[in-house]
Ligand code: AMP
């Protein structure tokens, strides 16, 4: 007798929830087992031997001898792997590829080594999401998810390993591409549209398929809030073309990718009444609630709105008529960490339960001063006492903040991720964490993360354009303006002039471009390739503005001795104060330079000049 699909779905859901119960109930035992497994499998790795582990696989020796490290500490080993050394440096198993993080080091994406079996672990975490969701929103197996998912460009290291973002790696893997039919991973976007390398064609095809199946859609989303808003913006710009295609059952000739075209054509049928309906909705003056208007059966928006993405909550509420915003998981290139077991909780209350089988987790207590963790100036390596402050997963204290430190199967040992988390509660013995922030990041509109030092250097480079005019920057601050789509960086400059020569607008435009050229490669990729970041803007403010800013801070209790102009502002009254004193503004006239891969590899791969 064939199995009743409903029963088998219930069984799968039950198993997944039981798994979560088991690993959270036995969090400590699971963590110790994971550590032991990682250390025994990698006992011959050069890195472990170098630090004196000498084949020990026990918890005590690991805690005593292994240093807590940052990416910069590992860079020489990572460079060796990238350059083709395939000996077991960090891990016994062969490194299958590098995952390129949105976190940067020296202006370039960090490279995270990974191994084949990690795909299985990531896939396991994904498989838990819908069984959890089903407890709160049943019936999701009766329709489809409209998710805007994309792949990004790949590069090859000099040693021949692929380097690409973790999601590109996952979508191209058989775990995603060849997934068996499952009502929970039934998406409106055919795989071929997700795997289309041209981002315009990919978005167009996915939107077209989402529109054609509008009544079947029960949930919508993207990975990050910024990506979903970009999709709505795309609809705003392109709905006449899309409606034309729906009316006629033909696909726009700009979509040239053969597999994307073919997959869309299987879904697209001439449907003049649907085209009329979409046209009418998109022509209305206000786009308030456009999601619920065009996709009337949508129950929630599945996007990450924790961390810096919280800046997009008002926009999402506007477009979705305040549908629940659901943050399902917390993950990174280094490792997938955990999931949200109460997916309908408010964004400000979201907590993630770290799944103890994913990696070995440790926590470094942090004490933020005035709510700010600006620890660029903190030493990156820990002194021996701090080493002993690290606590295990089951020993964290409610309400305390910690920096996450991980040991992974793929060869990161006691690695500081740079995320600050706060313990919000417990699921059985496993803690649940609010995501507080990424250390040091001052500006971010998409997956870009700009720190204070990068910003400072960029402004310093730009200031050189003012020298011929005897002008200098007296003070500056910055702001991530997400009221525009895409969002963009704004710099407020107070400029001091010692001569009467006026500075032409083109000079400030050059300053904008120089800042963009000086920012890290994730920022520049966002500008050039993903178009997820708009032109950088400089706003010149009246002289005396930063004194007013100081007066404001002092009147709110800041100490005059300790006051420093903030390098980034977020608080609305301060932004209003700055905006009220703007005398002129300038935008970057073009995109900065960006090419895929690391700058060292590009140099490495450049053809030799003939002599
Ligand atoms: P990447 O390595 O580029 O995938 O970026 C991973 C980083 O993105 C994490 O270390 C976090 O800083 C951030 N991140 C990932 N998931 C979340 C989430 N659910 N909420 C807030 N930030 C997140």
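The values are calculated or read from the model by the stated rules, or taken from the named source; none is laboratory data. Predicted, not measured: the structure shown is a model, and the values here were computed from it. Quick reminder, even Gly has a Cβ in these numbers, built from the backbone with ideal geometry, and neighbours come from all protein chains shown.
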remark   = Taking the stretch 549-566 and keeping residues surrounded by fewer than 16 Cβ atoms within 10 Å (Cβ to Cβ), in contact with a helix residue (DSSP H, G or I) (Cβ under 7 Å, 6 or more places away or on another chain) and not in a loop (DSSP other than H, G, I, E, B) leaves 552
query = What is the residue count in the stretch 258-278 for residues that are surrounded by fewer than 19 Cβ atoms within 10 Å (Cβ to Cβ) and under 33 Å from the mean Cα position of the chain (by Cα)?
reply = 6
request  = Being touching a strand residue (DSSP E or B) at 6+ places or on another chain (Cβ under 9 Å) and under 26 Å from residue 594 (Cβ atoms) is the filter here, so list the residues in the stretch 169-186 that pass it.
outcome  = 169, 172
query = If you go through the stretch 135-147 one residue at a time, do you hit one that is more than 20 Å from the chain's Cα centre (by Cα) and without any contact (Cβ under 8 Å) to a residue 24 or more places away in the chain?
reply = yes
request  = Take residue 171 and decide whether it is closer than 22 Å to residue 301 by Cβ and free of Cβ contacts under 8 Å to residues at least 40 places away in the same chain.
outcome  = yes
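Residue by residue, here is whether (1) part of a helix (DSSP H, G or I); (2) modelled with pLDDT of 95 or more; (3) outside the structural domain of residue 182 (by the TED database); (4) surrounded by fewer than 16 Cβ atoms within 10 Å (Cβ to Cβ) holds:
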{"position": "21", "(1), (2), (3), (4)": "yes, yes, no, yes"}
{"position": "33", "(1), (2), (3), (4)": "yes, yes, no, yes"}
{"position": "38", "(1), (2), (3), (4)": "yes, yes, no, no"}
{"position": "81", "(1), (2), (3), (4)": "yes, yes, no, no"}
{"position": "88", "(1), (2), (3), (4)": "no, yes, no, no"}
ask   = In this structure, does residue 529 turn out to be closer than 30 Å to residue 157 by Cα and in contact with a helix residue (DSSP H, G or I) (Cβ under 8 Å, 6 or more places away or on another chain)?
value = yes
key: Members of the stretch 495-513 that are surrounded by fewer than 18 Cβ atoms within 10 Å (Cβ to Cβ) and outside any helix (DSSP H, G or I)   = 496, 497, 498, 499, 500, 501, 502, 504
ask   = Which condition breaks for residue 473 when tested against (1) farther than 30 Å from residue 87 by Cβ; (2) within 15 Å of the ligand (Cβ to nearest atom); (3) in contact with a helix residue (DSSP H, G or I) (Cβ under 6 Å, 6 or more places away or on another chain)?
value = (2)
message = Restricting to the stretch 97-106, give me the number of residues that are out of contact with any strand residue (DSSP E or B) (no Cβ under 8 Å at 6 or more places or on another chain) and away from the ligand (no atom under 13 Å from the Cβ).
response = 1
query = Where in the stretch 152-261 are there helices (runs of 4 or more DSSP H), lying wholly inside it, with at least 1 residues that are touching a helix residue (DSSP H, G or I) at 6+ places or on another chain (Cβ under 8 Å) and over 17 Å from residue 126 (Cβ atoms)?
reply = 191-194, 199-212, 225-248
inquiry  = Anything in the stretch 408-434 that is in contact with a helix residue (DSSP H, G or I) (Cβ under 6 Å, 6 or more places away or on another chain), surrounded by fewer than 23 Cβ atoms within 10 Å (Cβ to Cβ) and assigned to a strand (DSSP E or B)? List them, or say none.
reply    = 427
message = Among the residues in the stretch 444-467, are any away from the ligand (no atom under 16 Å from the Cβ), under 20 Å from residue 306 (Cα atoms) and in a strand (DSSP E or B)?
response = no
message = Quick check on the stretch 107-122: of everything there that is more than 19 Å from the chain's Cα centre (by Cα) and in a loop (DSSP other than H, G, I, E, B), which residue is nearest to the ligand (Cβ to nearest atom)?
response = 115
ask   = Name the residues in the stretch 382-406 that are more than 16 Å from the ligand (Cβ to nearest atom) and outside any loop (DSSP other than H, G, I, E, B), would you?
value = 384, 385, 386, 387, 391, 392, 393, 394, 395
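Quick grid of which residues meet (1) at pLDDT below 95; (2) at positive phi; (3) surrounded by 18 or more Cβ atoms within 10 Å (Cβ to Cβ); (4) assigned by the TED database to the domain that holds residue 301:
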| position | (1), (2), (3), (4) |
| --- | --- |
| 143 | no, no, yes, yes |
| 157 | no, no, yes, yes |
| 175 | no, no, no, yes |
| 182 | yes, no, no, yes |
| 189 | no, no, yes, yes |
| 193 | no, no, yes, yes |
| 197 | no, no, no, yes |
| 202 | no, no, yes, yes |
ask   = Can you pull out the residues in the stretch 514-542 that are outside any loop (DSSP other than H, G, I, E, B) and either assigned by the TED database to the domain that holds residue 102 or within 13 Å of residue 589 (Cβ to Cβ) (or both)?
value = 514, 515, 516, 517, 527, 537, 538
